[in-house]
Amino acid sequence: MTDSAGVPIHDLETLVVGDLVLEIAPPSNRKTIEIIVERDASLVLKAPRASTIERAEKFVIAKRPWVYRKLAAKDALTGPPIVKQFVEGEGFAYLGRSYRLTLTPSEEPTGVRLERGRFRVNASDVADGAELMRGWYTEVGSQWLRRRLRPWARRLGEPEVTVEVRDLGYRWGSARPSDGSQYINVHWATLQLPPSLIDYILVHELAHLREANHTPEFWSIVARLMPSYQAHKTTLATTGKSIWLGSVV
């Protein structure tokens with residue numbers, strides 16, 4: 001451990017404890033220290049404003065067996081990146097169904113279209129295919145998710161929640177409680193999942209508007225909104241390794 005008595009943890013950007021490297025989240029008014037194991041197996045440490053490096057190091061050492069178990073589970077569920085080619089017949093998922101890609105003649109409209117059971121991309125746009133496809137998921141997803149979110153948000157008692165679709169790396173979504181306008185972020189890649197799993201992601205993020213951390217109270221909110229959440233959580237962990245995150249040949 002470092003000579004860290006009394007030194008604030010938020011003086012650091014990362015904390016190294018043995019073979020574990022943890023990114024330090026911005027300070028907040030939380031009361032406890034928490035370690036988040038992200039979907040890409042990176043580690044994030046969340047700590048109260050007054051926490052010291054010494055206190056954080058002791059916490060990480062105590063939680064090290066738990067972290068190793070979580071990292072082992074991530075290794076089992078996270079396969080190599082899914083890679084796509086923008087060639088005739090390549091498959092792209094939307095709401096749990098796979099649609100083949102058709103390359104259209106250069107005189108036809110540019111951009112991405114889903115028509116007659118096929119994704120259609122102008123042959124002249126192939127070099128920008130990944131960017132265009134991500135843009136299509138973002139635009140279409142924003143509209144679809146707004147409608148999908150409303151009944152869940154009303155059930156929580158938050159009828160005015162904004163959903164923003166963006167690239168979140170290896171996270172399905174993000175949200176934090178706010179005194180002002182409430183909003184959640186959702187990864188564009190979620191639009192490849194079946195609606196039932198997208199619902200679980202929405203419920204998960206909505207619950208974070210009430211409780212920022214994965215406490216028993218948080219999971220009780222999730223269970224109240226979606227009693228069958230555990231089955232969806234398990235399925236999502238397995239299905240996640242087959243989702244395309246934008247990698248191309």
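The values are calculated or read from the model by the stated rules, or taken from the named source; none is laboratory data. Because the structure is predicted, anything quoted here is derived from the model rather than measured. Virtual Cβ from ideal backbone geometry, glycine too; neighbours counted across all protein chains shown.
The table below gives the values:
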quantity	calculated
Criterion violated by Thr52 - all others in (1) modelled with pLDDT under 85; (2) over 24 Å from the mean Cα position of the chain (by Cα) satisfied	(1)
Within the range 131-171, tally of residues that are part of a strand (DSSP E or B) and either of a type outside the set (D, E, K, R) or touching a residue at least 24 places away in the same chain (Cβ under 8 Å) (or both)	5
Those helices (runs of 4 or more DSSP H) lying entirely in the range 192-249 with at least 2 residues assigned by TED's automatic domain parsing to the domain that holds Val140 and either of a type in the set (Ser, Thr, Tyr) or touching a Pro at 6+ places or on another chain (Cβ under 8 Å) (or both)	195-208, 229-239
Some residue of the range 63-84 being touching a Lys or Arg at 6+ places or on another chain (Cβ under 9 Å) and among the hydroxyl-bearing types (Ser, Thr, Tyr)	yes
One residue from Ser181, Ser174, Ser220, Ser228 being without any contact (Cβ under 8 Å) to a residue 12 or more places away in the chain and either crowded, with 21+ Cβ neighbours inside 10 Å or within 30 Å of Pro48 (Cβ to Cβ) (or both)	Ser220
Only listed residue being within 23 Å of the chain's Cα centre (by Cα) and of a type outside the set (Gly, Ala, Ser), chosen from Arg134, Arg116	Arg134
Which numbered condition Leu103 misses (of (1) in a helix (DSSP H, G or I); (2) surrounded by 17 or more Cβ atoms within 10 Å (Cβ to Cβ); (3) without any contact (Cβ under 8 Å) to a residue 40 or more places away in the chain; (4) not basic (Lys, Arg))	(1)
Conditions (1) in contact with a helix residue (DSSP H, G or I) (Cβ under 6 Å, 6 or more places away or on another chain); (2) within 23 Å of His214 (Cα to Cα); number of the one not met by Val7	(2)
Flag for Tyr94 being touching a Gly at 6+ places or on another chain (Cβ under 9 Å) and crowded, with 16+ Cβ neighbours inside 10 Å	no
Residues (free of Cβ contacts under 8 Å to residues at least 40 places away in the same chain and in contact with a helix residue (DSSP H, G or I) (Cβ under 9 Å, 6 or more places away or on another chain)) located in the range 26-47	Pro26, Pro27, Ile33, Ile35, Val37, Ala41, Leu43, Leu45, Ala47
